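The values are calculated or read from the model by the stated rules, or taken from the named source; none is laboratory data. Model, not experiment: these values are computed from the prediction. Using ideal geometry, Cβ is built from the backbone for each residue, glycine included, and neighbour counts are taken over all protein chains shown.
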There are 4 protein chains.
Amino acid sequence: MAVNVGLIGAGVMGTDHARFLTTSVGGARVAAVSDPDTGRAREVADGSGGAVIDDPVDLIGDDRVDAVVIASPDPTHKPLTLACLAAGKPVLCEKPLATSSGDCLEIIDAEASTGRRLIQIGFMRRFDPGYVAMKTALAAGDLGAALIFHCVHRNATAASYTTSENLIANTAVHEFDIARWLLDDEAERVTVVSPRASSLGGMKDPQIILLHMTAGSVVDAEIFVNAQYGYDVRAELVCEHGTVSLTPPNDIQLRHAAREGFGHPEDWRPRFAAAYRDELQAWIASVKGGPPAGASAWDGYAATAIAEAGLASLASGATASVDLQPRPALYHSP
Amino acid sequence: MAVNVGLIGAGVMGTDHARFLTTSVGGARVAAVSDPDTGRAREVADGSGGAVIDDPVDLIGDDRVDAVVIASPDPTHKPLTLACLAAGKPVLCEKPLATSSGDCLEIIDAEASTGRRLIQIGFMRRFDPGYVAMKTALAAGDLGAALIFHCVHRNATAASYTTSENLIANTAVHEFDIARWLLDDEAERVTVVSPRASSLGGMKDPQIILLHMTAGSVVDAEIFVNAQYGYDVRAELVCEHGTVSLTPPNDIQLRHAAREGFGHPEDWRPRFAAAYRDELQAWIASVKGGPPAGASAWDGYAATAIAEAGLASLASGATASVDLQPRPALYHSP
Amino acid sequence: MAVNVGLIGAGVMGTDHARFLTTSVGGARVAAVSDPDTGRAREVADGSGGAVIDDPVDLIGDDRVDAVVIASPDPTHKPLTLACLAAGKPVLCEKPLATSSGDCLEIIDAEASTGRRLIQIGFMRRFDPGYVAMKTALAAGDLGAALIFHCVHRNATAASYTTSENLIANTAVHEFDIARWLLDDEAERVTVVSPRASSLGGMKDPQIILLHMTAGSVVDAEIFVNAQYGYDVRAELVCEHGTVSLTPPNDIQLRHAAREGFGHPEDWRPRFAAAYRDELQAWIASVKGGPPAGASAWDGYAATAIAEAGLASLASGATASVDLQPRPALYHSP
Amino acid sequence: MAVNVGLIGAGVMGTDHARFLTTSVGGARVAAVSDPDTGRAREVADGSGGAVIDDPVDLIGDDRVDAVVIASPDPTHKPLTLACLAAGKPVLCEKPLATSSGDCLEIIDAEASTGRRLIQIGFMRRFDPGYVAMKTALAAGDLGAALIFHCVHRNATAASYTTSENLIANTAVHEFDIARWLLDDEAERVTVVSPRASSLGGMKDPQIILLHMTAGSVVDAEIFVNAQYGYDVRAELVCEHGTVSLTPPNDIQLRHAAREGFGHPEDWRPRFAAAYRDELQAWIASVKGGPPAGASAWDGYAATAIAEAGLASLASGATASVDLQPRPALYHSP
C-alpha cells in the first residue's frame, strides 16, 4: 500500500529526502536509488531496504518504482522529467525544472499533452509553516491588498565557484516562486540593483532585485550569499491595513557572555526541515490520488523566466521585462 | 515491514495519534482501533485501513497488532498496560501511567520481571524542539550547573469540572517530568503556594509549585488553567554562567490595529504538534529494535509520586517530601 | 548662567520644545515666545516665566534672548534663520532649513561669511539612542563596510492635504539625513519606485526610494504614510560581516485576548521623545561654548537636494542625479 | 529661580546625580557638594559651579542650599535625613532610609511631627518607563486583578564582600518597593528559598524570595548577584485576564558571528538611566511646590521591614511575618 519511491541522486538533498521518506512521512518507502556514485547510492538504499539501479532511466521505468524524486544535478532535470512523463509516473523534481525557460516550455508541452499533472517542483518554501501562515493571514482579508513584499535571503558563505549570476538564477529563484505564490500573481518586470560589493566572495554580492507584479505590487529582495553570520531568510508583506512577517525560527534564547539571543544555522537545511518534510508528505498524498500539491511545471517555468529577465537586467543595468507564454489550461487551477 | 499499531481510544488524542502515524511517521500503520464508541473507532480505522476490535484486551492480543498506543481514560491505563506486558508487546501509554504511585509500582514490578523495557509514557515534551535544545545547551557545559528552573504553564480555560487538585495531578505533572528529565535528577520535596485565586473558575488557580531537587536546584512552576489569553508554556533554566529559555513558537508576526505581535493557540495541540509527531517517530524506531525512547515506566511512577506529594502540600499548606522506592536496575540507564 | 532661549512658533513642536527646555534640559530657560496666535504664545511663555514678543524678528534681536529655536511654518525658516545669523545668535531650526536647495545655499553662504557655525537643523534622529547605537556598532569595525541600509518609515495616517510629493519632501527627508549621517557619505542618485497604491489616501503611497551613495552602498527606504496600524520606523544596516537593526521601542509586552505583543504609537512624538530631549540638551551645550552638535546647514542643504532629485524621479519615473555644490570649509569637520 | 541642590556624597551615584541635575533636569543647579574625599567633591562641584562644603551638616544648613540629595554611605542616611528635617529642607535620600526598621520609624516620627512630606527615597524604579507602563496597564482594568508578580534581578558579579544577607537587604529591597507600589499593597509574610548555590561568589546565591501580600497576591523574586552574563531585571505581572511584562531595554539588535541578539549592560546605571533622570526631575518639581513624588519615608520603612523579615526567614528557613506599625496620616495619600 505504501508508495514505492525511486530516488535519483544520493547527494545532500537526496539523502535528506530518503531520510524523511523513511522516518517522517507515512505511506512511502524508498524502493530504489540511482547515483553515479554507486557506494553512496548503496548506502542510502540500504537505509531503507531499497534496490540500487545504476541507470536513472532504468529506475524510472522499473516496475518496482511508483513515483520518482529527482535530486540529481540541474542539467539532468529536463531529460529525467521527460522520462517520467513518458513512463506516466509522478515526479517530484528539485528546482530548477530546467536550465532555460525554453526547455521548461518543452516540458510543459509534454506534460500538457499527457492531460494530467505529474510534475511537482521542489519549491519547498510553499510548505514552510511561516510562509503558509503569511498566506493565510493575507487570505483572511483584514490586511487588505498586498502592496510591497520585502524579502531577505542571506547565506553564510557561498561556494568558491559562485558567480554574480548565480545569485539570481539559483538563489533568488526561491524568492521569485514564493512571491508569485504568496501574491497569486505574475511578475512583469525585473530590475537588479547592485550595491557596493562585499570584499568577501569576489562578485556582485549583495544584490537587490525588484519585481513589478501584474497587479502593481512590488517585491524587493536582498540576496546576499556571503553574509557571514549565518543562513537567514526574512520576509514582510506590507498591505493596506497592516503587515505580516516571518519570525526567526529559534526554539531557545540564550543569555550568556553579556549577550542575549539565538543562533542562526549555517545553511538552509535546519531552517527548512519542516518544509521539506511537509512537501514530501503532500507529494505522497497527491501520488496516492489526492489533488496536485506544491509548485507545478508552470511555476517552474515562470520562476526560470523571471530569472532570465533578472540576468538580462544584471547585464544591462536596466529594467527587463518578463514575457510569459500563454498558460495552458492544465495549469489554470492551482 | 511497517509496524502494525493497535490504537486504544479514538478520542481527541487517539485521533491525533492515528493521523500522525498514518501521514507523518514512516514505517508504521494503524492496524486496529478500539473504542467504546464503535462509530468513532470505525472512522479512525477507515482512515488508515485498520480493523475495529471492540475489546481493547482482544486488540492487545490480536496477531495483527505489533505494538499498542493507549489513549483511553486514565483509569484504564493500568490494566491495559499490564495486558501489553503480559502479551509482550511494546506500548506507548498516554500519561499518567496509573492514577496512584502504588499502582505505578505494580506496573514497574511487572515490567521489571519481563527483563526488558516495553513501556513508553506519553510525556511528549521530551521531544519538543525547544526543550530538546535546552537540554543540549545545558549538556554543552558553557552554562555551568543548573540552579533554578522557572516554569509557566497556562491554559486559556479549564473544563468546568476541573478542581484545585487537577492543577497538580493533571497539569503540573508535565512540569514534574520535564524538570526531572532536563535536570537528570529526582525531586525530594514539594511545596504548593496558592496566590489569590482568579475569580474565574472557582478553584485555587493559579498555583505556584516549588520542587527541591536532590542536587539542590529548585524548580518553580506557575500553573494557571484559566489564564484566558491562550495556551502558553514557558521555561527558563538558570545556570551558573547564563540562562536558556524557550521562545514562543510563533511563525509570523502581525502589525495591525495599533499593535504588533503574534497569536497564542487555544490549546496544547498546535503547540506540541511537532513533539507528538517526534515522540511517535522515536517510539516506532524503538519498537523496530532501537533503544528505548522517551519516558519510562519509572518516569511515570516518579511524576505520580511528585504529584501525590504536591496534593499533600496543597491540603496541608506545608512542604511534603517525595519518597521514592529504590530504582530497579532495568531503569538505571536512560 | 542659564541660556535664555527665544522660541518662535508655539504649535505642537514649539510647545514640546518649551516643555523639554523647562523640565528636562539643564542650563536653559524659555525667555521669550513668539507666535501669530498670541494666546498660544502667552500660554507657553507663562509656563516658563518668559515674555511674549509678537514679531519674531524683534524676538531674535531682543537682548533677553541668547539663542533661538525656530518651530514656525516651513516658509519662515529661511528669513528667520538669516535674521539669527545677522544677529549673531545660535539657532536650532526645525527641518527643513529652507524649501529649496537654492535657498539653502543662500543661507550656507551667509553662515560661511560669519565664519562660524550658528545653525543646527532639527534632524532629531541623530540623537535617537537606537540610531546612535547603530552608528557606534558600525564604527566599532567588527561589521566591516556598510553595503545596504534598509529603512521603513510608516505613519498611521496622513493629513488629508498630503500629496505624493510630500512623501519625499517631508517624510523621506528624515531617511535622507540619517542615511548620510550613518554612512558618512553623500547620495549621488535617487530612484523612486511606486508600488500599487493603497486605496486609502488617494496618492502614490507607499513609495520605495533608492539612494546610491558615493561609496557604492545603497539605501532603500519604504515610505508609507497611511500604513494604518501605527507609527513605525525601522532600519537595518547590512554590512560585510553582519547587520545591525533598530529594535521597536516598547517598554512592555502584553499577553491578552489570545495575543502577545506591544502597541505602536499614533505619531512620532512618543517614538522620538528621547531624541528631541537629547537634541536640545546637545544644542544648549554647544550654545554654551561646546562644539557644534547635530545637523549643520550643509546637512539641511544636502537633504533638500536629495529630496529635489527624488521629486524629479517621481515625476519622470527615471533615476535622477544629486548635484551638490562644493562643500565650504566651514562644514568640513563634522 | 533654579533650585539650589546640595549634594552629599560624590561617589558613583552622587556624580551621576550631579551630572543629571546639571544637564538633564530643568530648573536645578548643584550649589554645593560635600564628600570626605575633598578632591572628588571639588571635581563634582567644579562641573556645576558649586561650592565645596566639608561638613555635610553644614551643607544642609547652608543658605545657598534649598534642597539636599543624600548619596553617602548607608549608615549616614539617618542622621543626615534628620538634619534635613530639622532644617526644614526637602531631601532626596538614596535607599535605604535607614539600616533598621526601628531607625526608619524614628525618622517617620520626626517627619510626621513637621506636618509635611520632606523626604523622598531614591527607589528610582518607580520612574522607569517600563514599570510605569506596567502600572498603567494594570490600572486600565482590562487585565483584572493582579495574582502573581514574577521578578528577576540579576547582577553580572557581586563585590567580594557581598554576603547572603546582602541579597535581601540591599538587592531584593528594590523588588520589595516596586511590588508594593505596583500592587498598591503591603507584604504580610516573607519566605526565602535557597536553591543550589552558584560555585561563584561563595554565598547563598541565587535566592528566591516569596512575598504574600495583604490582598492575597504572591510575589516571587529571583535574586542572583553573580549571574555572570550581565545586569538583567525582568518582571511579569500575572492577572486574571492576561499578563504584562517588561521588555529588555535594547535599542539595537546585532546579527553577527552566527548569532542574533543584543547586549546586556554590566550594571544598573545604563539600565535605569531614564529612571534616575525622571526621578530627579519629579523631585525638583515637588521641591518647587508640586505634590510629593516617588517613595516616601513610609515606603522606605516598609521596604526595610520586609527585608528584616526576609533575613529572619533566611536564618530560620521558615516563613517570617512582616509586622508594620500603623501608618501615620501624613502617608495616607500616595
Out of curiosity, is D:Ala285 touching a helix residue (DSSP H, G or I) at 6+ places or on another chain (Cβ under 7 Å) and part of a helix (DSSP H, G or I)? no
Go through the stretch D:1-38 and report how many residues are in contact (Cβ under 8 Å) with a residue 60 or more places away in the chain, among the polar types (S, T, N, Q) and within 12 Å of D:Arg277 (Cα to Cα). 1
Have a look at C:Ile284, C:Ile223 and point out the one that is in the same structural domain as C:Gly26 (by TED's automatic domain parsing) and crowded, with 22+ Cβ neighbours inside 10 Å. C:Ile284
When you go through (1) more than 26 Å from A:Ala145 (Cα to Cα); (2) in contact with a helix residue (DSSP H, G or I) (Cβ under 9 Å, 6 or more places away or on another chain); (3) at pLDDT 95 or above; (4) within 14 Å of chain B (Cβ to nearest Cβ) one by one for C:Ala295, which number turns out not to apply? (4)
The residue that is modelled with the lowest pLDDT, considering only those in the stretch D:201-226 that are assigned to a loop (DSSP other than H, G, I, E, B) and in contact with a Ser or Thr (Cβ under 8 Å, 6 or more places away or on another chain), is D:Gly201
Does C:Thr247 count as at the interface with another protein chain (Cβ under 7 Å from one of its Cβ atoms), touching an Asp or Glu at 6+ places or on another chain (Cβ under 6 Å) and over 30 Å from C:Ala315 (Cβ atoms)? no
Suppose we filter the stretch B:257-276 for residues that are in contact with a helix residue (DSSP H, G or I) (Cβ under 7 Å, 6 or more places away or on another chain) and either more than 12 Å from chain C (Cβ to nearest Cβ) or under 16 Å from C:Gly230 (Cα atoms) (or both); how many remain? 5
Residues of the stretch B:21-53 being charged (D, E, K, R) and either within 9 Å of chain A (Cβ to nearest Cβ) or under 22 Å from the mean Cα position of the chain (by Cα) (or both), which ones? B:Arg29, B:Asp35
Tell me, which helices (runs of 4 or more DSSP H) lie completely within the stretch B:100-185 with 1 or more residues that are in the same structural domain as B:Pro292 (by TED's automatic domain parsing) and of a type in the set (S, T, N, Q)? B:101-114
Looking at C:Ala86, C:Ala71, can you tell me which residue is under 25 Å from C:Val5 (Cα atoms) and crowded, with 17+ Cβ neighbours inside 10 Å? C:Ala71
Could you give me the residue pairs with C-beta distances under 8 Å whose first residue belongs to the stretch C:154-169 and is surrounded by fewer than 19 Cβ atoms within 10 Å (Cβ to Cβ), whose second residue is β-branched (Val, Ile, Thr) wherever it lies, and which are 6+ apart or on separate chains? C:Thr157/C:Val225; C:Asn166/C:Val225
Against the definition (within 19 Å of the chain's Cα centre (by Cα) and facing another protein chain (nearest Cβ under 7 Å)), how does C:Leu254 come out, yes or no? no
Flagged in the stretch D:161-203 as among the charged types (D, E, K, R) and closer than 17 Å to D:Glu308 by Cβ, in numbering order, are D:Glu165, D:Glu175, D:Asp177, D:Arg180, D:Glu186, D:Glu188, D:Arg189
Can you tell me which of A:Ala140, A:Ala169, A:Ala133, A:Ala227 is touching a strand residue (DSSP E or B) at 6+ places or on another chain (Cβ under 7 Å) and away from chain C (no Cβ under 12 Å)? A:Ala133
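Each row is one residue, and each column tells you yes or no for (1) of a type in the set (Asp, Glu); (2) crowded, with 24+ Cβ neighbours inside 10 Å; (3) farther than 17 Å from B:Pro90 by Cβ.
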{"position": "B:Leu7", "(1), (2), (3)": "no, yes, no"}
{"position": "B:Ala10", "(1), (2), (3)": "no, yes, yes"}
{"position": "B:Met13", "(1), (2), (3)": "no, no, yes"}
{"position": "B:Arg29", "(1), (2), (3)": "no, no, no"}
{"position": "B:Pro36", "(1), (2), (3)": "no, no, yes"}
{"position": "B:Arg42", "(1), (2), (3)": "no, no, yes"}
{"position": "B:Val52", "(1), (2), (3)": "no, no, yes"}
{"position": "B:Val57", "(1), (2), (3)": "no, no, no"}
{"position": "B:Gly61", "(1), (2), (3)": "no, no, no"}
Residue under evaluation D:Ala139, criteria (1) within 30 Å of D:Val68 (Cα to Cα); (2) free of Cβ contacts under 8 Å to residues at least 24 places away in the same chain; (3) not acidic (Asp, Glu), criterion not met: (1)
Applying the selection to the stretch B:6-20, what residues are within 14 Å of chain A (Cβ to nearest Cβ) and out of contact with any Ser or Thr (no Cβ under 9 Å at 6 or more places or on another chain)? B:Asp16, B:His17, B:Phe20
